[in-house]
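Report on the structure given below.
All of the numbers you see were taken from the coordinates with simple rules; none came from a lab. From a predicted model like this one, the values you see are computed outputs, not experimental measurements. Methodologically, a virtual Cβ is constructed for each residue, glycine included, from the backbone with ideal geometry; neighbour enumeration extends over all protein chains shown.
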Amino acid sequence: MPRILIIEDEAAIRAVLKDILHDQKELHLKVDEARDGQEALALLESQPYDIAFCDLKMPKVDGMEVLQRARDKGINTAFIMISAHGTTEMAVDATRKGAYDFLQKPPDLNRLLVTLRNALNNQSLVTETKTLRKKVASRFEMVGRSSALSRVRDMIEKVAPTDARVLILGPNGSGKELVARAIHEKSNRSGQSFVEVNCAAIPGELIESELFGHEKGSFTSAVRQRLGKFEQADGGTLFLDEIGDMSLSAQAKVLRALQENRITRVGGEKDLAVNVRIIAATNKDLKTEIQANRFREDLYHRLSVIVINVPPLSARTEDIGVLVEKFLKDISVEYGNKPKTIQQEAILKLENHPWTGNIRELRNVVERLVIMAGEKITASDVEKYL
């Protein structure tokens with residue numbers, strides 16, 4: 001049920017607005033009133049409102065100050081400012097300070113209702129976006145309190161504010177992508193794109209087009225121009241996952257891009273400037289790959305300004321309990337079920353497993369237990385479904 005706050009010092013106008021809003025029965029609005037700015041701020045701080053219709057000229061605290069204080073306190077209510085003596089300058093100033101819209105008093109009924117519905121739709125989108133961001137943040141959260149993970153976190157804190165290239169090493173399923181995302185989110189580029197390329201999943205003949213893009217007609221299926229990952233990540237971070245599987249020809253072009261901060265699309269002749277931070281990851285021993293002539297040594301040195309080693313799960317078994325609790329909660333949200341509980345004896349069984357598939361394997365096992373076990377997961381359940 002959307003909550004609306006009318007902030008107006010004239011009782012007659014409050015009554016008219018309230019009647020109009022109550023007539024919109026299909027919207028199921030809950031409407032409150034505030035007689036002045038001070039009362040409005042007290043209500044805004046005590047409970048969430050979706051929309052506030054706010055008069056500009058009021059005693060004690062005027063509408064513009066109510067808007068400013070609300071924004072300073074992080075209150076995300078959509079303000080629709082109303083005034084009998086509004087000017088273009090006032091409307092621009094209100095918008096600059098975060099108002100959703102500005103209406104002349106007395107407001108035209110159709111204009112008021114259109115503005116109300118648009119503001120409600122906008123607030124709904126804002127809420128959905130916040131929910132999705134929370135889900136994404138939860139999915140990529142680094143969970144654990146082991147000393148091994150603490151060392152990784154310390155390195156992330158130090159390197160993230162810089163533009164230094166980072167090479168992340170670790171076995172499959174150990175959480176290398178989480179480390180890369182954490183570096184991006186804590187960096188000055190966090191407001192820009194984080195673009196991921198799985199070098200192992202792209203055929204060798206397509207990797208260059210994937211990274212650098214191509215011009216129309218540069219090969220048989222190139223029916224239109226296509227931007228590559230370098231251009232898509234311009235201003236942000238490019239994560240080259242499993243870079244140890246990249247072809248030598250592609251490695252040479254990546255090296256040039258890192259040296260010159262310029263790329264050329266496949267089939268193109270023009271050099272394009274790019275500004276990306278490179279984070280690379282691999283489960284391979286790149287020094288061994290260099291000796292076998294499968295990886296360029298000069299590229300290795302370009303990538304490995306900072307090297308972060310992500311430990312396998314077997315090196316941080318004290319984190320298994322909190323990881324299991326997180327997965328139980330996440331999976332219950334995905335399935336729309338109440339979270340299951342797990343016995344301490346079952347946790348001990350999980351801690352003694354070798355976990356060759358690392359965190360990815362652990363999550364799969366927890367999901368299997370959620371599906372197959374009872375409301376409380378026991379040690380016997382772990383023995384049966386591990």
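Between the DSSP loop rule and a limit of at most 10 other Cβ atoms within 10 Å, which trypsin sites (Lys or Arg not before Pro) in the stretch 229-288 are left?
In loop regions of the stretch 229-288 (DSSP not H, G, I, E or B), the sparsely surrounded trypsin sites (Lys or Arg not before Pro) are LYS270.
With the Cα gyration tensor of the stretch 97-250 in hand, give its eigenvalues times 5 under a square root as the equivalent ellipsoid semi-axes, listed largest first in whole angstrom.
Over the Cα atoms of the stretch 97-250, the ellipsoid semi-axes are 39, 27, 13 Å.
Report the equivalent ellipsoid semi-axes for the stretch 3-137 in whole Å, largest first, defined as the square roots of five times the eigenvalues of the gyration tensor built from alpha carbon atoms.
Ellipsoid semi-axes (Å, largest first): 22, 18, 15.
Output needed: percent of Cα pairs per 5 Å distance bin for the stretch 189-234, bins running from 0 to the one holding the longest distance.
5, 20, 26, 22, 16, 6, 3, 0
So if we plug the beta-carbon distance of SER247 and THR356 into 1/(1 + (r/R0)^6) with R0 = 25 Å, what FRET efficiency do we get, rounded to 0.05?
For SER247 and THR356, the calculated efficiency is 0.35.
Any idea how far apart LEU348 and HIS28 come out in nm if each label point goes 7 Å out from Cα toward Cβ?
5.0
How high is the relative contact order of the chain? Use alpha-carbon pairs under 8 Å, at least six apart in sequence, and give a whole percent.
Computed value for the chain: 13 percent relative contact order.
Could you work out how far helix 11-22 tilts from the main Cα principal axis of the chain, as a 0 to 90 degree angle to the nearest 10?
50
When only C-alpha pairs under 8 Å and at least 6 residues apart count, what is the relative contact order of the stretch 1-127, in percent?
Values: 197 pairs, mean separation 27.6, N = 127.
Reported as a whole number, the value is 22 percent.
Which loop trypsin sites (Lys or Arg not before Pro) in the stretch 29-106, with loop taken from DSSP, have no more than 16 other Cβ atoms within 10 angstrom of their Cβ?
Answer by residue number: LYS57, LYS60, LYS73, LYS97.
Rg (Å, one decimal) plus Dmax (Å, integer) for the alpha carbons of the stretch 230-386?
21.8, 65
Using the Kirkwood formula on the Cα atoms of the stretch 168-276, what hydrodynamic radius do you get, in angstrom to one decimal? Kindly include the intermediate steps, with their values, before the conclusion.
Values: mean 1/r = 0.0685 Å⁻¹.
Its Kirkwood hydrodynamic radius stands at 14.6 Å.
List the GluC sites (Glu not before Pro) in the stretch 254-297 that DSSP assigns to loop (not H, G, I, E or B) and whose Cβ has at most 12 other Cβ atoms within 10 Å. Which are they?
On the way: sites: GLU260, GLU269, GLU289, GLU297; in loops: GLU269.
For GluC sites (Glu not before Pro) across the stretch 254-297 that sit outside H, G, I, E and B with at most 12 neighbouring Cβ atoms in 10 Å, the list reads GLU269.
What is the log10 of I(q)/I(0) for the stretch 1-71, computed with the Debye formula using one identical point scatterer on each Cα and no solvent, at q = 0.14, 0.26 Å⁻¹?
Summing over Cα pairs of the stretch 1-71 leads to -0.39, -1.18.
Mind giving me the nanometre distance, one decimal, between the label points for THR220 and ARG153, set 7 Å out from Cα along Cα→Cβ?
Each label point is offset 7 Å from its Cα along the Cβ direction, giving 5.3 nm.
At 0.36 nm per residue, and after removing the present C-alpha to C-alpha distance, how many nm does the segment from THR378 to ASN76 gain when stretched out fully?
Values: separation 302, 0.36 × 302 = 108.72 nm, distance 4.45 nm.
Length difference between fully extended and current span is 104.3 nm.
With bins 20 Å wide starting at 0, give me the P(r) of the chain over every alpha carbon pair, in whole percents.
Bins of 20 Å from zero give 22, 35, 35, 8, 0 percent of pairs.
Please tell me the relative contact order of the stretch 147-311 in percent, rounded to the nearest whole number, where contacts are Cα pairs under 8 Å and at least six residues apart.
With pairs under 8 Å counted, the relative contact order is 35 percent.
Rounded to the nearest 500 deg cm²/dmol, what is the calculated helix-only ellipticity per residue at 222 nm for the chain, with -39500 (n - 2.57) per DSSP H run of length n ≥ 4?
Taken over the chain, the calculation gives -14000 deg cm²/dmol.
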